[in-house]
Amino acid sequence: MTAEASHDRILIVDFGSQVTQLIARRVREQGVYCEVVPSQKAEEAFKSFNPKGVILSGGPASVTELDTPRAPQSVFDADIPVLGICYGEQTMMSQLGGQVEAGHEREFGRAEIEVVAESHLFDGVWQTGHKYPVWMSHGDRVTALPQGFKVIAVSEGAPFAAVADEARRYYAVQFHPEVVHTPDGARLIRNFVREIVGAKGDWTMAAYRDEAIRKIREQVGTGRVICGLSGGVDSSVAALLIHEAIGDQLTCVFVDHGLLRKDEAEQVVTLFRNHYNIPLVHVDASDTFLTELDGVSDPEQKRKTIGRLFIDVFDAEAKKIGGADFLAQGTLYPDVIESVSFHGGPSVTIKSHHNVGGLPARMKMKLVEPLRELFKDEVRALGRELGLPEAFVGRHPFPGPGLAIRIPGTITREKIDILQKADAIYLDEIRKAGLYDVIWQAFAVLLPVRTVGVMGDGRTYDHVLALRAVTSVDGMTADFYPFDMNFLGRAATRIINEVRGINRVVYDVTSKPPGTIEWE
């Protein structure tokens, strides 16, 4: 499901950077549709996608070595604007007649650049003669420019930190404007997309809703659809969108695998069965899931087991309702990018509880994935467009394996009960403090260790609970939320007093820097 050709579109060529998704996010923030394609498929994608501009991403390779990836020559022959970022700059310079060398001073992390010439890329953002903070990540560097280019910014380790050929509308930067660690980076990308490319910025959630409904109807026809409803924002929005398109041809299946948050099953069933009147099958499969997970401690095996059992349940429920032609999923664009990434896709190990790669051959259903073009915040915007209550739209991310991956080691019903109660208290305190919408994700983890403690006049030997809360703009980078000690004290005291089995609470202050992929 690709955006209508009537919208201006940007193609992003992925050379393997772990933050390529952030480039797409910055472009989408401007109301401009874009797609990410791995460099080895860029030639074909460029011809079929007909973009108005192209962005070349960063990557780990070196253009000084043989057989490293390059941009399609057709990109430079098309007379459209091109922006190269990091490795994208280096391959652009090399392909157009410049020179790149290895072995020079490396720059990683925060750096400072000085603007030395005016450029349309910097209009209204940076001024000549001033210095600005950026995020660098490079070992090689450009040492000679192709004909027509000029230097527009320098840094201590990169004499060609930003270059431009204004006549051909080619621009390249050695730093990463897509990450939040480059404070003005989003504005530079806006300049490229909206001013230099001239994209209209008319890709809105209202437009997406209308286009998606039409495409769902075209794909499904008179067929029946079964939707795996988890209660998270992704599957909830997918269900509402599909129901708006085809009505009672949709049946939702909510599987309670016994690893949900406290009272979550009741909340989901009440909303979708009573408020939206969507046909809903509630399957309590907790005994099946917990029996299969008994004794399993490896987190990857947990994910795969849960994914396999989900498919089994859907298959069985489809047969009960007389068969289904399609299975609907809340697959998002980051899942799609990871499954076809430059290196073949980390989704094999990262998204093994999803089914991004398709269905088992034994299932005779096709996939309906109406959100596969969207990022998480865009899904939330679409949910609001569809009238989904804010309690569901703003819900913190909750991965498919549920509490299974928040109980390291083996899973027992006792551990699940302890974690559900503790997690509910933690989130309740966050809401009371007015912090739920400020924090991107918060949850408790029942650690696989026990400690000796004294409660009242008795000695205890109980579990340790870890609390985690992170802030994030994009879900790709994150930092721990700086709770004050009064809050942590209140939360810990309530958990220890109200939940039997926990005698110690710790707070996780780990950050998630640029370059990492998932936070669970």
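Residues in the chain average 41 Å² of solvent-accessible surface per residue, probe 1.4 Å, ligands and nucleic acids excluded. Under the rule a/c < 1.5 gives rounded, and otherwise a/b versus b/c splits prolate from oblate, where does segment 126-209 land using the Cα gyration tensor? Since a/c reaches 1.5 and a/b is larger than b/c, the shape of segment 126-209 is classed as prolate.
Put a dot 7 Å past the Cα of K41, heading toward its Cβ, do the same for Q99, and the two dots end up 3.8 nm apart.
Computed extension gain for K364 through T471, at 0.36 nm per residue and net of the alpha carbon distance, reaches 34.4 nm. Basic side chains Lys and Arg get +1 at the Cβ, acidic Asp and Glu get -1 at the Cβ, and with that the dipole of the chain about its Cα centre reaches some 860 debye.
What is the diffusion coefficient of segment 380-476 in µm²/s, taking the Kirkwood radius over Cα pairs and the Stokes-Einstein relation at 4 °C with a viscosity of 1.567 mPa s? For these conditions, the coefficient is 84 µm²/s. So, with a 1.4 angstrom probe, what is the percent of accessible area on segment 213-350 that is carbon and sulfur? Looking at segment 213-350 in its full context, I get 49 percent from C and S. Computing Rg and the Kirkwood Rh from the Cα coordinates of segment 36-145 gives a ratio, Rg/Rh, of 0.98. Could you tell me the calculated FRET efficiency between D77 and F108, based on Cβ-Cβ distance and R0 = 22 angstrom, to the nearest 0.05? Calculated value: 0.05. Here r is the Cβ-Cβ distance between E156 and H120 and R0 is 30 Å; the resulting FRET efficiency, rounded to 0.05, is 0.75.
Which of rounded, prolate, oblate describes segment 200-266, given a ≥ b ≥ c as roots of the alpha-carbon gyration tensor eigenvalues and a/c under 1.5 marking rounded, otherwise prolate only if a/b is larger than b/c? Because a/c hits 1.5 or more and a/b fails to exceed b/c, segment 200-266 counts as oblate. Going by accessible surface with a 1.4 Å probe and the largest first, R209, R187 read R187, R209. Each residue of segment 479-494 was assigned a 3J(HN,Hα) from its phi angle through the Karplus expression (A = 6.51, B = -1.76, C = 1.60, θ = phi - 60°), giving 9, 5, 7, x, 4, 7, 5, 5, 5, 4, x, 4, 4, 5, 5, 4 Hz with x at Gly and Pro.
Overall, the accessible surface of segment 413-469 at a probe of 1.4 angstrom is composed of carbon and sulfur to the extent of 51 percent. Between L66 and D312, the FRET efficiency estimated from the beta carbon spacing at R0 = 35 angstrom works out to 0.15.
The distance between label points at D210 and N486 comes to 5.1 nm (points 7 Å beyond Cα on the Cα→Cβ vector).
When the residues K41, K215, K47, K364 are ordered by accessible surface, computed with a 1.4 Å probe over the protein chains alone, the sequence from largest down reads K364, K47, K41, K215.
Per-residue packing, averaged as other Cβ atoms within 10 Å, sorts the ranges 57-69, 421-433, 274-286 into the order 421-433, 57-69, 274-286, beginning with the highest.
Site pair S297 and S6 shows an inter-label distance of 5.9 nm when each label is modelled 7 Å from Cα along Cα→Cβ. With an a/c value of 1.5 or above and a/b not larger than b/c for the gyration tensor axes a ≥ b ≥ c computed over the alpha-carbon atoms, segment 206-346 is described as oblate.
The values are calculated or read from the model by the stated rules, or taken from the named source; none is laboratory data. Since the structure is predicted, the reported quantities are computational estimates derived from the model, not experimental observations. With ideal geometry, Cβ positions are generated from the backbone for all residues, glycine too; neighbour counts draw on all protein chains shown. Quick note on the areas: whole protein, heavy atoms, side chains included, nothing else; ligands and nucleic acids left out. Shrake-Rupley method; radii C 1.70, N 1.55, O 1.52, S 1.80 Å.
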